[in-house]
Amino acid sequence: MAMFNQQVGLQGLLKDGGKHFSGVDEALLKNIEACKNLAQITKSSLGPYGMNKLIVNHLGRHFVTSDTNTIVTELEVMHPAAKLIVMAAKSQEQESGDGTNLCVSFGGELLLRAEELLKEGIHANDVYKGYELARDKALECLNAQVAWSCEDLKSVEQLTKCVKTAISSKQLGCEGPLAKLVAEACVQVMPPTPSKFDVDNVRVTKVQGGNLNSSFVVEGMAIARRSSGVENCKEKAKVAIYAEALELGSTETKGTVLLESAEQLMNFSKGEEQKMEEMIRAIKEVGVDVVISGGTISDMALHFLNKYKIFALKINSKFELRRVCRTVGATSIVRSGPPLPEECGYVESIKVEEISSEPFTIIKTRDSKISTVVLRSASPNVLDELERAIDNAVNVVRCTARDPRFVAGAGATEIELAHQLQQFGATVPGLDQYAVLKFAEALEVVPKILAENAGHSHVDAITALYAAHQKGETAAGIDVDAGPVCNALEKGILDHMETKRWAIRFTLDAVLTVLKVDQIIMAKQAGGPKGGGDGNRDDD
């Protein structure tokens, strides 16, 4: 019986070392605290004047970034409640590819306001109901705010307008050239039915050296390696792509060869040479001028490829090989021997160029299925950050292909929603009304941070915004350069509406989940001691 009377209460239920927190003070407010701290980190990175974070991850890799998705991924958040907010941001990244900062910052703000209500003695369920009401109303009001729609997804000018805001919130000052590059690359690969636009078709190749203005778009691919053989340039050529190595396979059984004379030694590799030459000649006879291989190209194969003036390129990555197949319209061949006509692809030109003393093979094709932005900049960190901005922008194009509607940016939409929710809140009976009003207050977080990050007084900015919106100027947003308020539409600051809608949905799902929690029960961590020990442990 001894084992039954050790501990009384909940501790008696759990395994030794389990922890348990309950009630508003211990569980709910602790959870809210964790989420607020997470939001505190990302807040300062919102908007064009957002600050960067320098993160060194557990493998010692450095990140200098203001991209929330990268920040929350690399931080390895452990707190279970804060993890919910991180998951909301991740869902937002998968769904829209942009607006992750809005998720985390808005989520933190909603919980901060909820905390104020809980401390005033309002029950968590009343806050929950009020937030749900406010969310539904906000999503309904959002429909009326459409300010512009992208009519033509094949127009570089309109796509530039779509992506400019997303880029300037990451890379202020570079949004002109970057937006143009992204728009050109996307127009090249835009399928006849725009909703089938695939983000994977816009590639980025990073080149260290040069500056952003010398970046360019390639109709096709730019691969960071030189050709394997002597040939460096082919135009209007047929392409054969082999998924495996170009070499004569060895037999499965081992054999020992006994050579008795010099003559036998001379003849030893003759048969192999003949076989190889036959194979390469057969490839040449089909009219193929370019051979791309996914495996090694043996020295002997290379010798004959050079002899028959065939351009040879080796690609290590399977995924890259698939993309090249898509680019040139070829099928990858998994046997040796000449390709069938329908397996061949075609390139307008394939040539080796040197960009800031690094060799690149540039494949250009007609009506390409893939386009590549070749990015130039000074350091790897800057290049990574530019690539993240491009990634966000291409995702905005994908979302625009599904829903072309945009709303005013610069915090204009958030303030307008807050303004409408305050009027709506006044009509809500019961205690829910306080939560609706707090939701409206939480929406102020976007213009508030935009103003703060740009160095303006947020009090003046929010007051000026409310004044403008009361007069019916629904497009009034934060002017990050000159002073508190500007017309977002005139400045071309546009946010994608569906992206905002998803951000509000995902954030509220996470926030409502946190509010519903009243007990935290943690089992003791399994496994032996972490770290230390014998010093032979892996970093990972």
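Tell me, please, whether a residue that is over 30 Å from residue 372 (Cβ atoms), more than 50 Å from the chain's Cα centre (by Cα) and in a helix (DSSP H, G or I) can be found in the stretch 242-263. Looking for residues that are over 30 Å from residue 372 (Cβ atoms), more than 50 Å from the chain's Cα centre (by Cα) and in a helix (DSSP H, G or I), one finds at least one in the stretch 242-263, hence yes.
Residue selection: residue 396 satisfies the criterion of being under 16 Å from residue 168 (Cβ atoms), touching a helix residue (DSSP H, G or I) at 6+ places or on another chain (Cβ under 9 Å) and of a type outside the set (S, T, N, Q). Among the residues of the stretch 330-368, just one is surrounded by fewer than 15 Cβ atoms within 10 Å (Cβ to Cβ) and β-branched (Val, Ile, Thr), namely 334.
When residues in the stretch 439-496 are screened for being under 12 Å from residue 411 (Cβ atoms), of a type in the set (Asp, Glu) and outside any helix (DSSP H, G or I), 3 of them pass. Considering the stretch 308-323, and only residues there that are in contact (Cβ under 8 Å) with a residue 12 or more places away in the chain and assigned to a helix (DSSP H, G or I), the residue that is surrounded by the fewest Cβ atoms within 10 Å (Cβ to Cβ) turns out to be 318. Entry remark, the stretch 155-173: residues being under 23 Å from the mean Cα position of the chain (by Cα) and either surrounded by fewer than 21 Cβ atoms within 10 Å (Cβ to Cβ) or modelled with pLDDT of 90 or more (or both) number 5 in total. Close Cβ contacts (under 9 Å, 6 or more residues apart or on different chains) running from residues in the stretch 279-294 that are without any contact (Cβ under 8 Å) to a residue 40 or more places away in the chain to residues that are in a strand (DSSP E or B) comprise 280/246; 280/291. The single condition among (1) more than 17 Å from residue 495 (Cα to Cα); (2) crowded, with 17+ Cβ neighbours inside 10 Å; (3) not assigned by TED's automatic domain parsing to the domain that holds residue 299 that residue 210 does not satisfy is (2). Determine whether the stretch 111-132 contains at least one residue that is surrounded by 22 or more Cβ atoms within 10 Å (Cβ to Cβ) and out of contact with any Phe, Trp or Tyr (no Cβ under 9 Å at 6 or more places or on another chain). Scanning the stretch 111-132 turns up at least one residue that is surrounded by 22 or more Cβ atoms within 10 Å (Cβ to Cβ) and out of contact with any Phe, Trp or Tyr (no Cβ under 9 Å at 6 or more places or on another chain).
Of 83, 90, 43, 129, which residue is modelled with pLDDT under 90 and out of contact with any Leu (no Cβ under 8 Å at 6 or more places or on another chain)? Going through 83, 90, 43, 129 in turn, the sole match is 43.
Which pairs have Cβ atoms under 6 Å, sit 6 or more apart or on different chains, and link a residue in the stretch 53-82 that is without any contact (Cβ under 8 Å) to a residue 24 or more places away in the chain to one that is in a helix (DSSP H, G or I)? That search, which allows pairs on different chains as well, returns 53/71; 55/74; 57/74. Looking only at the stretch 243-252, decide whether some residue is within 19 Å of residue 362 (Cβ to Cβ) and surrounded by 14 or more Cβ atoms within 10 Å (Cβ to Cβ). The answer is no; no qualifying residue exists. Of the helices (runs of 4 or more DSSP H) entirely within the stretch 68-179, those holding at least 1 residues that are within 26 Å of residue 515 (Cα to Cα) occupy 68-75, 80-95, 100-119, 124-142.
Taken over the stretch 50-67, the criterion of being surrounded by 18 or more Cβ atoms within 10 Å (Cβ to Cβ) and either part of a loop (DSSP other than H, G, I, E, B) or among the aliphatic types (A, V, I, L, M) (or both) is satisfied by 50, 66, 67.
The values are calculated or read from the model by the stated rules, or taken from the named source; none is laboratory data. Bear in mind the structure is a predicted one, so any value in this text is a computation, not a measurement. Please note: Cβ atoms are built from the backbone with ideal geometry, for glycine as well, and neighbour counts cover all protein chains shown.
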